[in-house]
């Protein structure tokens, strides 16, 4: 599905099993939308033809070529890829699939039909990730762990809201948020470094997470944080620093 509404509502179900399945569904929708949006942006802006073709192939694999109709530059470049591949085809039979794709991307009726679909989910929209973030505090540990995996799959759009949970009063939620950020890896580093400063409530968990990721960019922040007057934070930063150096 394109819209997360039904899956998001099911995360509030009384059954833990239903909540887990709903988390998986919402994760599928948001993760797919993240990749599609990224591919459209690459197809629209990349000057390297190889990068354009990779984005085109990714969109085609996901059945999302028609989503380029929302971006004129992406549509133009998609048609250019199709035209080049059609020209390289050996015979008329090999060119037929490209003619079908060209018709789909240029037919006004297709544009009308596409515009009637629900908008493609936007993981960066306000509250889009709220159900998954809330699920990190689920009373069933398996459900919370499912939310960790789901947020890790969503990737970069989940970084900022996850970082905001690191300094909260609920240490269990902070732990799960840290695990999700660790799964996201490098796209989370800059946001973690920004809060890995003395006196910031999120500093200890930010240090732990940076240690899990092991990116060298975190080294200066961890070196400073290792001198924190808070013993727990200093210890976490020192342990993380050893992992980053290693």
Counted neighbours (other Cβ, 10 Å), sorted fewest up, put 112, 82, 11 in the order 112, 82, 11
Rounded to the nearest 10, the angle in degrees between the Cα long axis of helix 203-213 and the longest principal axis of the Cα atoms of the chain comes to 50 degrees
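Remind me, relative contact order of segment 1-120 in percent, using alpha carbon pairs under 8 angstrom and six or more residues apart?
Computed over segment 1-120, the figure is 22 percent.
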Among 209, 47, 102: highest mean-square fluctuation, GNM of the chain, C-alpha pairs under 10 Å | 47
Relative contact order [Cα under 8 Å, 6+ residues apart], segment 155-245, whole percent | 26 percent
Inter-label distance for residue 185 and residue 1, nm, one decimal - labels placed 7 Å from Cα along Cα-to-Cβ | 3.1 nm
Roughly how many Å is it from the Cα centre of segment 3-31 to that of segment 68-139, as a whole number?
-> 24 Å
Find the percent of Cα-Cα distances in segment 5-115 that exceed 20 Å, and round it to a whole number.
-> 51 percent
Give the angle, between 0 and 90 degrees and rounded to the nearest 10, that separates the Cα long axis of helix 72-88 from the longest principal axis of the Cα atoms of the chain.
-> 60 degrees
Rounded D (µm²/s) - segment 155-245, Kirkwood Rh over Cα pairs, Stokes-Einstein at 20 °C, 1.002 mPa s | 175 µm²/s
Relative contact order, percent, of the chain when contacts are C-alpha pairs under 8 Å separated by at least 6 residues?
-> 14 percent
What is the extension gain from residue 227 to residue 17, computed as 0.36 nm multiplied by their sequence separation minus the C-alpha to C-alpha distance, in nm to one decimal?
-> 71.1 nm
Starting from the Cα-Cα distance between residue 46 and residue 60, subtract it from 0.36 nm times their residue separation and give me the gain in nm to one decimal.
-> 3.3 nm
Using Cα atoms only, what is the angle between the long axis of helix 171-184 and the major principal axis of the chain, expressed in degrees (0 to 90) to the nearest 10?
-> 40 degrees
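Provide the gained length on full extension for the span residue 113 to residue 169, in nm with one decimal, where the gain is 0.36 nm per separating residue minus the Cα-Cα distance. Can you show the working numbers first?
Working: separation 56, 0.36 × 56 = 20.16 nm, distance 4.80 nm.
This chain segment gains 15.4 nm when fully extended.
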Helix-only [θ]222 nm of the chain, DSSP H runs n ≥ 4, -39500 (n - 2.57) each, per residue, nearest 500 = -21000 deg cm²/dmol
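FYI, it's all coordinate maths here, none of it is from the lab. Predicted model, so just to flag it, every value in this text is computed and none were measured. Positions of Cβ are generated from backbone atoms using ideal geometry, with glycine treated the same way; all protein chains shown enter the neighbour counts.
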